[in-house]
Amino acid sequence: MTRHVVASVADIPPGGRKIVTVKGREIGIFRIGDDFHGLINRCPHQGAPLCLGEIVSRLVAPSPGDYRLTRPGEMIRCPWHCWEFDIRTGQSLCDPHSVQARAFDVAVEDGKTLVEGPFVAESVQVTVEEAYVVVTL
């Protein structure tokens, strides 16, 4: 697995998101408090740009007429058909046993860690043979 720097922490405020492209894939990076989570920007239902949907709370209704909102800002609602997914895991709330949006690991790392070496430049052998320069790989 390869790591990719996609944003600074300051680029994504708490409760915010940023859509980035990594190796041709659009990924939504979400910030819930101080935690960061990544979801593929494609709804598994019919391919909508999932990460452009509304960020909502989870609605819990243990009995008719008895409902409350929980987990504020932790769900994403598909902009096409309103299917809801858990931002932390990608789990569908509409069909939790068979539908899930792909989630990606996201980490916050100190800039110093990312730029420390040792970095070693690749070198190649170069020789001169008569009037030609030859590179050996």
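Residues to consider are R42, R58, R68; find the one that is over 13 Å from the mean Cα position of the chain (by Cα) and closer than 25 Å to S98 by Cα.
On the way: R42 fails: over 13 Å from the mean Cα position of the chain (by Cα); R68 fails: closer than 25 Å to S98 by Cα.
Being over 13 Å from the mean Cα position of the chain (by Cα) and closer than 25 Å to S98 by Cα holds for just one of R42, R58, R68, which is R58.
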**Report entry** Looking only at the stretch 79-104, and only at residues there that are among the aromatic types (F, W, Y) and in a strand (DSSP E or B), the one that is modelled with the highest pLDDT
**Finding:** F85
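Residues of the stretch 67-78 being part of a loop (DSSP other than H, G, I, E, B) and either free of Cβ contacts under 8 Å to residues at least 12 places away in the same chain or surrounded by fewer than 14 Cβ atoms within 10 Å (Cβ to Cβ) (or both), which ones? So that I can check it myself, show each step before the final result.
First, pick out the residues of the stretch 67-78 that are part of a loop (DSSP other than H, G, I, E, B): 78.
Answer for the stretch 67-78, where residues must be part of a loop (DSSP other than H, G, I, E, B) and either free of Cβ contacts under 8 Å to residues at least 12 places away in the same chain or surrounded by fewer than 14 Cβ atoms within 10 Å (Cβ to Cβ) (or both): there is none.
Restricting the search to the stretch 28-51, which residues are closer than 26 Å to E109 by Cα, outside any loop (DSSP other than H, G, I, E, B) and not acidic (D, E)?
Result: G28, I29, F30, R31, I32, F36, H37, G38, L39, I40, C51.
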Report task. Would you please list the contacts, defined by Cβ atoms under 8 Å and residues six or more apart or on different chains, that run from a residue in the stretch 11-22 that is under 17 Å from L52 (Cβ atoms) to a residue that is aromatic (F, W, Y) and surrounded by 12 or more Cβ atoms within 10 Å (Cβ to Cβ)? Result -> I12/F30; I12/F36; G16/F30; R17/F30
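The values are calculated or read from the model by the stated rules, or taken from the named source; none is laboratory data. What you see is a predicted model; the values in this text were computed from it and never measured. Note: ideal-geometry Cβ built from the backbone for every residue, glycine included; neighbour counts use all protein chains shown.
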